[in-house]
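The values are calculated or read from the model by the stated rules, or taken from the named source; none is laboratory data. It should be emphasised that the depicted structure is a prediction, and the values quoted were computed from it without experimental measurement. Virtual Cβ from ideal backbone geometry, glycine too; neighbours counted across all protein chains shown.
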Amino acid sequence: MTSRRMVLGESDATDVTTMEETMMMDTSRQFLLVGERHLSLDIMATMMPYHWSIDHAENTTDAERLLLDNDYLTGLVIMDARRPHRHQDIECLVNTGKMTWIAMVDNQALLTKGIRRLIGQLFHAYLVLPLDERKANHLLESAQEMAGIMPDEETEPLISVHKENECCMIGDSTIIRRLYRDIGKIASVDAPVLITGESGTGKELTARAIHNNSPRRHGPFNAVNCGALPSGLIQSELFGHERGAFTGASQRKEGIIESTCRGTLFLDEIGDLPLDMQVNLLRFLENHRVLRVGGLTEIPVDVRVLAATHVNLEEAVRGGSFRDDLYHRLNVLQINTPPLRERPEDIEPLATYFFHKFTDEKATKVRGFSRESLILMHQYAWPGNIRELINRVRRAMVMCDKRLITPADLGLDRRQCAFRHAVTLEQARDIAEREAIKAALARNKHKILHAARELGVSRVTLYRLLEKHGIDRHSVSVDDEEADLPPGVIPLPSL
């Protein structure tokens, strides 16, 4: 790997700093330069009077390694028309993250159609070689300011997830923030959505969040459990019927689909829908018209359809119990609700939220959860997911006869929770590795360098481990006030 950081403008000599010194530098005038060394040195020298701190990478592979360890706002890439095989690597590099990139080209390169397309689609601006240092300085400052106001998707979810009496999605882990971002993207368009996930993971909450953040939020949201509809009345319930269409049809009735006009229809457990009804639903998805039972004229309906299932529909298609064409009609966009065991950072906030939500059901003296309870809740596999968590918390609040809820009140013990039901040595190692990383981050106030030193690994390795285990380095918090509390007491934050 070839990379150097050069602080220019303080002396004619270059200064290669150590990692610790690098971290102390002012990042407001720092950028990453990607290109061959002989060209890069000329650019560095040209920018010397403007006091920029420059990291150099000779190729995209080296640049990706530097990006793992640094938070750059701006990057410069030297484009070479003689090396078109590198353009795809440059496209992948520039298309990642929220950095603002500037291309540097010569006049000959600007005649190349592929380079013009790449610059126009991905870059903030371009500079022509040989470099005009004043123009380069102004562009760099502009690019830094532009990158600084770009929204950070990691900390700014694209959706509103807390709405009184509507939907309330709790969690701040990396995986749940990814779900928030996916909901925000999906809500902005009007295509059908298939929501997958285990039972109890919040598929209906996800559907409501999509509706509440969509242009249809002022229209109705109707949820239908396809497995709970009476088999003989499914068509009438969904599509409606005319008067006299069958025995007992004494008046015209709008179906659920028609009554959802200008809103969102949520079809839960779509895999339980009978095959004959799948044909009718497919026709509606194709032409957005419904035909009431006993009717002669199709009625246009403006409805967005969201469907959910806890079963594998691809396997159902192969088994002949679900239509292949309907599956592809519903699966235009797909979103997955993660199981609770994959987001352990959210277990305590969820338990706390439900403790306060059902506070009227608890004994007066119950104040919260014991430390051992929280530890075992983190280690438990939660096969019933959030639905099971709600049930255990509510039962414990009623049955607890002490100030703090114990594992026995929750119906948990260490034999149930050991290593979250790890069945292989590799799973046990992964769990131990994850817990060690989280503990090191907590002890070092989320400082990556210090946590890496304690663990005996490099910063790059620690970043990779964080990605591997889905750990947000800011999700593990240490409350200094806990030191003043009696042993075993976990204070519940006010909501």
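The set of residues in the stretch 55-95 that are exposed (fewer than 15 other Cβ atoms within 10 Å of the Cβ), in contact (Cβ under 8 Å) with a residue 12 or more places away in the chain and not in a helix (DSSP H, G or I) comprises D71, N95.
Any chance you could count how many residues in the stretch 262-299 are assigned to a loop (DSSP other than H, G, I, E, B) and farther than 16 Å from A223 by Cβ?
10
Of all residues being of a type outside the set (D, E, K, R) and buried (at least 17 other Cβ atoms within 10 Å of the Cβ) in the stretch 286-298, which is modelled with the highest pLDDT? Just the residue, please. The residue in question is V290. Restricting attention to the stretch 110-125, the residues that are within 18 Å of P84 (Cα to Cα) and out of contact with any His (no Cβ under 8 Å at 6 or more places or on another chain) add up to 11. Looking only at residues in the stretch 148-176 that are part of a helix (DSSP H, G or I) and touching a Gly at 6+ places or on another chain (Cβ under 8 Å), the one that is modelled with the lowest pLDDT is T174. Every test in (1) farther than 30 Å from E342 by Cβ; (2) touching a residue at least 12 places away in the same chain (Cβ under 8 Å) is passed by A223 save one, and that test is (1). Here the helices (runs of 4 or more DSSP H) wholly within the stretch 300-389 that include at least 3 residues being surrounded by fewer than 16 Cβ atoms within 10 Å (Cβ to Cβ) and assigned by TED's automatic domain parsing to the domain that holds G219 are 313-319, 324-330.
Checked against (1) in contact (Cβ under 8 Å) with a residue 40 or more places away in the chain; (2) at positive phi, R304 passes all but a single condition, namely (2).
Condition check ((1) over 13 Å from R304 (Cβ atoms); (2) in contact (Cβ under 8 Å) with a residue 60 or more places away in the chain; (3) more than 34 Å from the chain's Cα centre (by Cα)) across all residues:
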{"site": "S214", "(1), (2), (3)": "no, yes, no"}
{"site": "S236", "(1), (2), (3)": "yes, no, yes"}
{"site": "T264", "(1), (2), (3)": "no, no, no"}
{"site": "E269", "(1), (2), (3)": "yes, no, no"}
{"site": "P274", "(1), (2), (3)": "yes, no, no"}
{"site": "Q278", "(1), (2), (3)": "yes, no, no"}
{"site": "F284", "(1), (2), (3)": "no, no, no"}
{"site": "V290", "(1), (2), (3)": "yes, no, yes"}
